[in-house]
1. Using θ = phi - 60° and the Karplus curve 6.51 cos²θ - 1.76 cosθ + 1.60, what whole-Hz ³J(HN,Hα) does each residue of the range 51-60 get, with Gly and Pro shown as x?
2. Quantify how much of the Cα-Cα distance distribution of the range 5-99 extends past 23 Å, in percent.
3. Once the other residues with Cβ under 10 Å from the Cβ of Thr57 are scored (Lys, Arg +1; Asp, Glu -1), what is the net sum?
4. Give me the net charge for the shell around Asp73: Cβ to Cβ below 10 angstrom, other residues only, Lys and Arg +1, Asp and Glu -1.
5. Please return the longest range in the chain lying between exposed loop sites, taking trypsin sites (Lys or Arg not before Pro), DSSP loop only, at most 14 other beta-carbon atoms within 10 Å, and leaving the sites out.
6. In a shell of Cβ-Cβ distance under 12 Å around Glu43, excluding Glu43 itself, what net charge do Lys and Arg (+1) and Asp and Glu (-1) give?
7. Quote the relative contact order of the chain in percent (integer), defining contacts as alpha-carbon pairs under 8 Å separated by 6+ residues.
8. Whole-Hz ³J(HN,Hα) for each residue in the range 8-17, computed from phi via Karplus 6.51 cos²θ - 1.76 cosθ + 1.60 with θ = phi - 60°, x for glycine and proline: what do you get?
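Bear in mind that the values in this text are calculations on the coordinates, not laboratory data. Small disclaimer: the values here were computed from a predicted structure and weren't measured. For neighbour counting, all protein chains shown are included, and Cβ atoms are generated from backbone atoms with ideal geometry for every residue, glycine included.
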Amino acid sequence: MSVEGTWDLVVDTPLGKQRAVLELSTRDGELRGTARDLKHGEEVELVDLVVDGDRLTWTQSITKPMRLNLAFDVTVGGDEMTGHSKAGRLPRSKVSGHRAAPEGGRP
C-alpha cells in the first residue's frame, strides 16, 4: 500500500480543529514527509515515519499554536486515513484525512 501523496489532515484537538497538509514521498528508498499547518503557516518535518501494513506512524514537533511534541498513529485505507495523535499527557486527539486529488484529476 502506498501512502505517498498529498493528504488533507484534520486533528480534532481541545483547542478546536487543526488543519494541515501532509506531503509524503519516498526519496532514496526512505519514506519522508512534511506537515504544513494551514492556519499558522508552520511547516515541520515528520520524523520516524513507519508503514506497517495499513498502519502509519510518525512524530513531529510544532511551535504553534503552542510548543508540542506530537505522536501520530493512523490507519490508511485507500485515500482515507483515521486514527489519533497524542501530545504528552494531554488526551488523545482524533485524526482524519483524505488524499488530495492531483491537479486536474482524481487521487
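1. Once rounded to whole Hz, the list reads 10, 9, x, 9, 9, 10, 10, 6, 10, 7.
2. Working: 667 of 4465 pairs.
So the pairs more than 23 Å apart make up 15 percent of the total in the range 5-99.
3. Working: positive: Arg55; negative: Asp48, Asp52, Asp73.
Its environment carries a net charge of -2.
4. Values: positive: Arg55, Lys86, Arg92; negative: none.
Taking every other residue near Asp73 into account, the sum is +3.
5. 1-38
6. On the way: positive: Arg36, Lys64; negative: Glu23, Asp37, Glu42, Glu45.
Cβ neighbours under 12 Å give a net charge of -2.
7. On the way: 231 pairs, mean separation 23.9, N = 107.
Normalised by residue count, the contact order of the chain is 22 percent.
8. Rounded to whole hertz, the list is 8, 10, 10, 10, 8, 9, x, 8, x, 6.
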